[in-house]
Amino acid sequence: MGLFNFVRDIGKKVFGSEEEAPLALENFINADNPGLDNMKITVEDGEATLTGEASSASALEKAVLMIGNVLGIADVNATSVVIKDGSQVGQDDEFYVIQKGDTLWKIAEQTYGNGSKYTKIVEVNLEVIKNADLIFPGQKIRIPKNI
């Protein structure tokens, strides 16, 4: 998994200064840890670098999205994370950037032809979407390919 780009000036505020960012982001990830071990995060000029081990590609994708959707983070570099089960990033899911006017229903309708399948989108993004009615333009989420 390489470098992922995000919108730096949107998202949840988790830290005040870049010096506080590594510990704040680690605590943020650990609150809903999707399957990371031996995690370490550094932040420099808005780029978060994540190291450690992920139980699966899905766990790594979730962690990257959790970090990247934080106010003040422009990029997430996860090239040094080891995926323990050998799965590949992007194998089961695609990434989607929320646009102005989007709803999860509308995204599900466009993706699957059925808006009621938005619950699957919420299900794979529980760490990023805490409330299905509170998504915002620029937010990145995962869209399951096979549901």
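The values are calculated or read from the model by the stated rules, or taken from the named source; none is laboratory data. Since we're looking at a predicted model, the values are computed, not measured. Positions of Cβ are backbone-derived with ideal geometry, glycine not excepted, and every protein chain shown enters the neighbour counts.
The residues listed here are THR49, THR42; of these, the one that is under 16 Å from LEU3 (Cβ atoms) and either touching a helix residue (DSSP H, G or I) at 6+ places or on another chain (Cβ under 7 Å) or among the hydrophobic types (A, V, I, L, M, F, W, C) (or both) is THR42.
When the test is whether a residue is at negative phi, crowded, with 16+ Cβ neighbours inside 10 Å and in contact (Cβ under 8 Å) with a residue 60 or more places away in the chain, VAL14 does not pass it. The residue that is farthest from PHE6 (Cα to Cα), counting only those in region 72-82 that are surrounded by fewer than 19 Cβ atoms within 10 Å (Cβ to Cβ) and aliphatic (A, V, I, L, M), is VAL82.
Within region 40-49, does at least one residue satisfy the condition of being touching a Leu at 6+ places or on another chain (Cβ under 6 Å) and not assigned by TED's automatic domain parsing to the domain that holds LYS130? Yes, region 40-49 has at least one match.
The residues of region 62-84 that are assigned to a strand (DSSP E or B) and β-branched (Val, Ile, Thr), listed by number, are VAL70, VAL76, THR79, VAL81, VAL82, ILE83. Inspect all residues belonging to region 78-97 and state whether any of them is within 25 Å of ASP133 (Cα to Cα), among the charged types (D, E, K, R) and modelled with pLDDT of 95 or more. Looking through region 78-97, none of the residues is within 25 Å of ASP133 (Cα to Cα), among the charged types (D, E, K, R) and modelled with pLDDT of 95 or more. Considering (1) surrounded by fewer than 16 Cβ atoms within 10 Å (Cβ to Cβ); (2) at pLDDT 95 or above; (3) polar (S, T, N, Q), the lone condition that ASN69 does not fulfil carries the number (1). TYR96 fulfils the conditions (1) farther than 16 Å from PHE6 by Cα; (2) in contact with a helix residue (DSSP H, G or I) (Cβ under 8 Å, 6 or more places away or on another chain); (3) surrounded by fewer than 20 Cβ atoms within 10 Å (Cβ to Cβ) except for a single criterion, (1).
Scanning region 107-136 for residues that are over 20 Å from the mean Cα position of the chain (by Cα) and either closer than 25 Å to ASN5 by Cβ or assigned to a loop (DSSP other than H, G, I, E, B) (or both) gives GLN110, GLY113, ASN114. Just a yes or no: is a residue in region 101-123 under 30 Å from LYS40 (Cβ atoms), surrounded by 13 or more Cβ atoms within 10 Å (Cβ to Cβ) and touching a residue at least 40 places away in the same chain (Cβ under 8 Å)? No, that holds for no residue.
In region 107-125 there is no residue matching the filter, namely being closer than 23 Å to ASP75 by Cα, touching a strand residue (DSSP E or B) at 6+ places or on another chain (Cβ under 9 Å) and among the hydroxyl-bearing types (Ser, Thr, Tyr). Residue count for region 85-106 satisfying the condition of being more than 17 Å from the chain's Cα centre (by Cα) and in a helix (DSSP H, G or I): 2. Residue check: ALA59 meets all listed conditions (1) under 11 Å from the mean Cα position of the chain (by Cα); (2) assigned to a loop (DSSP other than H, G, I, E, B) but one, namely (2).
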